[in-house]
Amino acid sequence: MVELTGAEIDTAIQRGNIAQQAEPRAESARYDKRNSRVIVDLKNGCIFAFPPCLAQGLETATDEELAAVEILGAGYGLHWEALDVDLSVPGLLAGLFGTKAYMARRAGQATSPAKAAAARENGRKGGRPRKQA
């Protein structure tokens with residue numbers, strides 16, 4: 001077992017206090033049924049909201065299931081017990097609404113006039129080229 005000195009403990013406490021003030025942590029979270037948004041009040045006084053249809057595991061959740069949101073640990077995460085879903089508060093603030101694979105699938109679903117025009121043009125050329133062996 002490693003013994004920590006008083007100075008090391010003091011330094012760790014100081015780092016923890018700085019992190020408490022600087023890092024995004026949830027103070028409370030709730031589901032706003034009228035606007036279909038999960039609203040997160042952060043400890044620094046900011047408010048963040050997102051539509052649950054964007055988040056992995058919340059896409060098909062009912063209003064009652066969404067309302068049962070809990071804060072994890074020191075405010076770093078949101079948890080929905082009935083759905084077995086955990087989301088990171090810093091991740092949500094960074095626009096990460098699921099795993100890397102989930103986000104890649106969501107990005108492929110995006111539509112835009114430019115994407116539609118490119119698909120039509122590619123179709124006129126005979127579609128996607130076959131992979132070479």
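Coordinate-derived values only; no laboratory data. Nothing here was measured: the structure is a model prediction, and the numbers come from that model. Glycine gets a Cβ as well: all are built from the backbone with ideal geometry, and neighbour counts include every protein chain shown.
For the pair residue 106 and residue 1, what calculated FRET efficiency results from E = 1/(1 + (r/R0)^6), where r is the Cβ-Cβ distance and R0 = 41 Å, to the nearest 0.05?
Details: r = 46 Å, r/R0 = 1.12.
So the FRET efficiency works out to roughly 0.35.
Could the peptides 5-12, 100-107, 46-53, 86-93 be put in order, highest first, of the mean number of other beta-carbon atoms found within 10 Å of their residues?
Averaged packing, sorted descending, gives the order 86-93, 46-53, 100-107, 5-12.
Please list, in chain and number order, the residues 5+ apart from residue 28 or on another chain whose amide H is under 5 Å from its amide H, with Hs placed from the backbone.
Excluding prolines and chain starts, which carry no amide H, the hits are 41.
If you put +1 on each Lys and Arg Cβ and -1 on each Asp and Glu Cβ, how big is the dipole of segment 23-97 around its Cα centre, in Debye rounded to 20?
340
With θ set to phi - 60° and the Karplus curve 6.51 cos²θ - 1.76 cosθ + 1.60, what are the ³J(HN,Hα) couplings of segment 22-34 in order, to the nearest whole Hz, using x for Gly and Pro?
Listing the rounded values in order: 9, 8, x, 9, 7, 9, 8, 8, 8, 9, 9, 5, 4 Hz.
With only Lys, Arg, Asp and Glu charged, each at its Cβ (+1 for the first two, -1 for the last two), find how big the charge dipole of the chain is about the Cα centre; round to the nearest 20 debye.
My answer is approximately 1560 debye.
Taking θ = phi - 60°, what integer Hz values does the Karplus form 6.51 cos²θ - 1.76 cosθ + 1.60 yield along segment 117-126, in sequence order, with x for Gly and Pro?
Couplings: 5, 5, 5, 4, 4, 5, x, 5, 8, x Hz.
Based on the Cβ-Cβ distance of residue 74 and residue 46, what FRET efficiency does E = 1/(1 + (r/R0)^6) give at R0 = 25 Å, to the nearest 0.05?
About 0.90, to the nearest 0.05.
Residue-wise, which Karplus ³J(HN,Hα) couplings in Hz belong to segment 59-75, taking 6.51 cos²θ - 1.76 cosθ + 1.60, θ = phi - 60°, and x for glycine or proline?
4, 10, 5, 7, 4, 5, 5, 5, 5, 8, 6, 10, 8, 9, x, 8, x
Of the options 46, 90, 69, report the single residue whose Cα projects farthest towards the positive end of the charge dipole of segment 23-97 (beta-carbon charges: Lys, Arg +1; Asp, Glu -1).
Value: 46.
Mean projection of the alpha-carbon convex hull of segment 23-97 over all orientations, in nm²?
Numbers: hull surface 17.4 nm².
For the Cα atoms of segment 23-97, the hull's average projected area reads 4.4 nm².
So which aspartates and glutamates can residue 43 reach, going by Cα to Cα under 12 Å and dropping same-chain residues fewer than 8 places off?
23, 27
I need the Debye-formula profile for the chain: one equal scatterer per C-alpha, no solvent, reported as log10 I(q)/I(0) at q = 0.09 1/Å, two decimals.
-0.45
Determine, from the Cβ-Cβ distance of residue 117 and residue 59 and an R0 of 25 Å, the FRET efficiency 1/(1 + (r/R0)^6), rounded to the nearest 0.05.
After rounding, the FRET efficiency stands at 0.30.
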